[in-house]
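The values are calculated or read from the model by the stated rules, or taken from the named source; none is laboratory data. Quick caveat, the model's predicted, so the values are computed rather than measured. Every residue, glycine among them, receives a Cβ derived from its backbone with ideal geometry; neighbour counts consider all protein chains shown.
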Amino acid sequence: MTCIVGLVENGDIYIGGDSAGVSGSLMTVRKDPKVCRVGDFIIGFTSSFRMGQLLAHSFEPPKHYDETDLYDYMVTSFVDAVRDCLKRGGFARVDSSAEEGGTFLVGYKGRLFEIESDYQVGEALSGYAACGCGREVALGALFATNGQKPKDRIKTALEAAASLNAYVRAPFNVLSV
(Lines give C-alpha, C1' and ligand atoms only; values in the text may rest on other atoms or scores of the structure.)
Protein backbone atom coordinates (compact mmCIF):
# COMPACT_ATOMS: atom_id res chain seq x y z
CA MET A 1 0.00 0.00 0.00
CA THR A 2 1.39 3.28 -1.07
CA CYS A 3 1.00 6.70 -2.50
CA ILE A 4 3.20 7.77 -5.39
CA VAL A 5 2.61 11.22 -6.87
CA GLY A 6 4.10 12.78 -9.97
CA LEU A 7 3.78 15.97 -11.96
CA VAL A 8 5.38 17.85 -14.81
CA GLU A 9 5.88 21.59 -14.79
CA ASN A 10 7.84 23.59 -17.37
CA GLY A 11 9.48 20.39 -18.60
CA ASP A 12 10.70 19.39 -15.14
CA ILE A 13 9.41 16.14 -13.63
CA TYR A 14 8.75 15.58 -9.93
CA ILE A 15 7.88 12.25 -8.33
CA GLY A 16 7.33 11.68 -4.62
CA GLY A 17 6.45 8.67 -2.54
CA ASP A 18 5.64 7.63 0.99
CA SER A 19 7.51 5.07 3.13
CA ALA A 20 4.83 2.58 4.24
CA GLY A 21 5.38 -1.13 3.77
CA VAL A 22 2.16 -3.02 4.44
CA SER A 23 1.47 -6.73 4.78
CA GLY A 24 -2.05 -7.53 5.97
CA SER A 25 -2.58 -5.46 9.11
CA LEU A 26 1.16 -4.94 9.74
CA MET A 27 2.67 -1.64 8.60
CA THR A 28 6.40 -0.89 8.66
CA VAL A 29 7.91 2.49 7.86
CA ARG A 30 10.67 1.51 5.45
CA LYS A 31 14.10 3.08 5.08
CA ASP A 32 14.41 2.13 1.40
CA PRO A 33 12.68 4.73 -0.80
CA LYS A 34 9.92 4.04 -3.34
CA VAL A 35 11.31 6.70 -5.69
CA CYS A 36 14.61 6.32 -7.55
CA ARG A 37 16.66 7.51 -10.50
CA VAL A 38 17.57 5.02 -13.20
CA GLY A 39 19.79 6.80 -15.70
CA ASP A 40 17.75 9.70 -17.11
CA PHE A 41 14.50 8.29 -15.68
CA ILE A 42 12.72 8.87 -12.37
CA ILE A 43 10.62 5.93 -11.18
CA GLY A 44 8.16 5.79 -8.29
CA PHE A 45 6.63 2.41 -7.56
CA THR A 46 3.76 0.79 -5.75
CA SER A 47 2.68 -2.90 -5.75
CA SER A 48 5.84 -4.51 -4.32
CA PHE A 49 9.15 -3.52 -2.82
CA ARG A 50 10.69 -6.41 -4.76
CA MET A 51 9.47 -4.90 -8.02
CA GLY A 52 10.91 -1.54 -6.96
CA GLN A 53 14.24 -3.12 -6.04
CA LEU A 54 14.45 -4.73 -9.47
CA LEU A 55 13.57 -1.46 -11.23
CA ALA A 56 16.09 0.50 -9.13
CA HIS A 57 19.00 -1.94 -9.18
CA SER A 58 18.57 -4.33 -12.11
CA PHE A 59 16.59 -2.50 -14.79
CA GLU A 60 18.52 -1.13 -17.75
CA PRO A 61 16.34 1.13 -19.89
CA PRO A 62 16.94 0.61 -23.60
CA LYS A 63 18.40 3.48 -25.60
CA HIS A 64 15.82 5.96 -26.82
CA TYR A 65 16.66 7.52 -30.16
CA ASP A 66 15.34 11.02 -30.78
CA GLU A 67 13.78 9.99 -34.09
CA THR A 68 11.56 7.48 -32.25
CA ASP A 69 8.33 8.93 -30.85
CA LEU A 70 8.60 8.88 -27.05
CA TYR A 71 5.18 7.31 -26.51
CA ASP A 72 5.96 4.57 -29.06
CA TYR A 73 9.25 3.93 -27.25
CA MET A 74 7.49 3.67 -23.88
CA VAL A 75 4.83 1.19 -25.05
CA THR A 76 7.32 -1.00 -26.92
CA SER A 77 11.03 -0.94 -26.06
CA PHE A 78 10.69 0.41 -22.52
CA VAL A 79 7.87 -1.94 -21.46
CA ASP A 80 9.60 -4.92 -23.10
CA ALA A 81 12.73 -4.18 -21.05
CA VAL A 82 10.65 -3.85 -17.86
CA ARG A 83 8.96 -7.19 -18.55
CA ASP A 84 12.34 -8.88 -19.10
CA CYS A 85 13.74 -7.37 -15.89
CA LEU A 86 10.75 -8.45 -13.79
CA LYS A 87 10.81 -11.97 -15.26
CA ARG A 88 14.56 -12.37 -14.67
CA GLY A 89 14.08 -11.18 -11.10
CA GLY A 90 11.27 -13.67 -10.46
CA PHE A 91 8.64 -11.01 -9.93
CA ALA A 92 6.40 -11.07 -13.03
CA ARG A 93 3.41 -13.35 -12.47
CA VAL A 94 2.09 -15.43 -15.31
CA ASP A 95 -1.16 -17.38 -15.22
CA SER A 96 -3.00 -19.17 -17.99
CA SER A 97 -4.42 -15.96 -19.45
CA ALA A 98 -1.97 -13.11 -18.85
CA GLU A 99 1.31 -11.84 -17.48
CA GLU A 100 1.22 -9.30 -14.67
CA GLY A 101 3.80 -6.92 -13.24
CA GLY A 102 3.08 -3.94 -11.00
CA THR A 103 2.17 -0.27 -11.10
CA PHE A 104 4.64 2.61 -11.19
CA LEU A 105 5.17 6.15 -12.46
CA VAL A 106 8.00 7.02 -14.84
CA GLY A 107 9.29 10.48 -15.62
CA TYR A 108 11.43 10.96 -18.71
CA LYS A 109 12.20 13.81 -21.11
CA GLY A 110 9.66 16.19 -19.59
CA ARG A 111 6.80 13.66 -19.59
CA LEU A 112 5.12 11.53 -16.94
CA PHE A 113 3.84 8.03 -17.63
CA GLU A 114 1.92 5.52 -15.53
CA ILE A 115 2.70 1.87 -16.15
CA GLU A 116 -0.13 -0.41 -15.00
CA SER A 117 0.15 -4.02 -13.85
CA ASP A 118 -0.88 -5.25 -17.33
CA TYR A 119 1.97 -3.12 -18.77
CA GLN A 120 -0.30 -0.55 -20.41
CA VAL A 121 1.22 2.92 -20.57
CA GLY A 122 -0.88 5.95 -19.67
CA GLU A 123 -0.16 9.65 -19.85
CA ALA A 124 -2.62 12.07 -18.25
CA LEU A 125 -3.46 15.33 -20.03
CA SER A 126 -3.48 17.06 -16.64
CA GLY A 127 0.31 16.74 -16.31
CA TYR A 128 0.02 14.89 -13.00
CA ALA A 129 -0.69 11.37 -11.85
CA ALA A 130 -0.79 9.22 -8.73
CA CYS A 131 -0.91 5.53 -7.95
CA GLY A 132 -1.34 3.35 -4.90
CA CYS A 133 -4.05 3.23 -2.29
CA GLY A 134 -3.74 6.99 -1.61
CA ARG A 135 -4.26 7.81 -5.28
CA GLU A 136 -7.69 9.45 -5.16
CA VAL A 137 -6.87 11.76 -2.25
CA ALA A 138 -3.53 12.70 -3.82
CA LEU A 139 -5.14 13.49 -7.18
CA GLY A 140 -7.66 15.75 -5.45
CA ALA A 141 -4.85 17.55 -3.65
CA LEU A 142 -2.91 17.99 -6.90
CA PHE A 143 -6.00 19.45 -8.55
CA ALA A 144 -6.60 21.82 -5.64
CA THR A 145 -2.99 23.05 -5.45
CA ASN A 146 -2.61 24.01 -9.11
CA GLY A 147 -0.43 27.11 -9.33
CA GLN A 148 1.70 26.30 -6.28
CA LYS A 149 5.35 25.22 -6.42
CA PRO A 150 5.73 21.64 -7.68
CA LYS A 151 7.50 20.23 -4.59
CA ASP A 152 4.89 21.86 -2.35
CA ARG A 153 2.11 20.24 -4.41
CA ILE A 154 3.76 16.82 -4.14
CA LYS A 155 4.23 17.21 -0.38
CA THR A 156 0.64 18.40 0.12
CA ALA A 157 -0.72 15.48 -1.93
CA LEU A 158 1.30 12.95 0.07
CA GLU A 159 0.34 14.56 3.40
CA ALA A 160 -3.34 14.51 2.42
CA ALA A 161 -3.11 10.83 1.47
CA ALA A 162 -1.32 10.00 4.75
CA SER A 163 -3.92 11.85 6.80
CA LEU A 164 -6.85 10.03 5.18
CA ASN A 165 -5.43 6.60 4.36
CA ALA A 166 -4.20 4.12 6.97
CA TYR A 167 -1.63 2.66 4.57
CA VAL A 168 0.31 5.81 3.63
CA ARG A 169 3.07 7.14 5.91
CA ALA A 170 5.82 9.75 6.08
CA PRO A 171 8.65 10.31 5.60
CA PHE A 172 8.16 11.36 2.01
CA ASN A 173 10.86 11.22 -0.67
CA VAL A 174 10.73 13.55 -3.67
CA LEU A 175 13.04 13.51 -6.70
CA SER A 176 13.09 15.73 -9.76
CA VAL A 177 14.78 16.05 -13.15
- Which of (1) out of contact with any helix residue (DSSP H, G or I) (no Cβ under 8 Å at 6 or more places or on another chain); (2) closer than 15 Å to VAL121 by Cβ; (3) of a type outside the set (A, V, I, L, M, F, W, C) does THR46 not meet, given it meets every other one? (2)
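If a residue counts only when it is modelled with pLDDT of 95 or more and hydrophobic (A, V, I, L, M, F, W, C), which strands (runs of 3 or more DSSP E) contained entirely in segment 6-62 have at least 2 such residues?
12-17, 35-38, 41-45
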- Item | Matching residues in segment 63-75 - criterion: being of a type in the set (Phe, Trp, Tyr) and in a loop (DSSP other than H, G, I, E, B) | TYR65
- Is there a residue being modelled with pLDDT under 95, of a type in the set (Gly, Ala, Ser), out of contact with any helix residue (DSSP H, G or I) (no Cβ under 7 Å at 6 or more places or on another chain) and under 25 Å from THR28 (Cα atoms) anywhere in segment 93-104? no
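Could you tell me how many of the residues in segment 126-177 are small (Gly, Ala, Ser), within 23 Å of PHE41 (Cβ to Cβ) and out of contact with any helix residue (DSSP H, G or I) (no Cβ under 6 Å at 6 or more places or on another chain)? Talk me through it step by step, then tell me what you get.
The first filter runs over segment 126-177 and keeps only residues small (Gly, Ala, Ser), leaving 126-127, 129-130, 132, 134, 138, 140-141, 144, 147, 157, 160-163, 166, 170, 176.
Narrowing the set further to residues that are within 23 Å of PHE41 (Cβ to Cβ) leaves 126-127, 129-130, 132, 134, 138, 157, 176.
The next check asks that each one be out of contact with any helix residue (DSSP H, G or I) (no Cβ under 6 Å at 6 or more places or on another chain); those that pass are 126-127, 129, 132, 176.
Count: 5.
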- Note on the structure: Counting only residues that are exposed (fewer than 13 other Cβ atoms within 10 Å of the Cβ) and either in a helix (DSSP H, G or I) or at pLDDT 95 or above (or both), segment 76-92 contains a total of 2
- Is segment 8-18 home to any residue that is more than 21 Å from VAL121 (Cβ to Cβ) and buried (at least 20 other Cβ atoms within 10 Å of the Cβ)? yes
- With the checklist (1) touching a residue at least 12 places away in the same chain (Cβ under 8 Å); (2) surrounded by fewer than 18 Cβ atoms within 10 Å (Cβ to Cβ) in hand, flag the one item THR28 doesn't pass. (1)
- Query: If we scan segment 84-98, do we find a residue that is of a type in the set (Lys, Arg), within 18 Å of the chain's Cα centre (by Cα) and on the phi < 0 side of the Ramachandran plot?
  - Reply: no
- Do any residues in segment 8-23 that are more than 17 Å from THR103 (Cα to Cα) have Cβ atoms under 8 Å from those of residues that are assigned to a loop (DSSP other than H, G, I, E, B), where the two are at least six apart or on different chains, and which pairs are they? VAL8/GLY110; VAL8/GLY127; GLU9/GLY127; GLY11/GLY110; ASP12/GLY110; ASP12/VAL177; ILE13/GLY110; ILE13/VAL177
- Query: Name the pairs: first residue in segment 36-64 and touching a residue at least 60 places away in the same chain (Cβ under 8 Å) and surrounded by 20 or more Cβ atoms within 10 Å (Cβ to Cβ), second residue hydroxyl-bearing (Ser, Thr, Tyr) and part of a helix (DSSP H, G or I), Cβ to Cβ under 9 Å, at least 6 apart or on different chains?
  - Reply: none
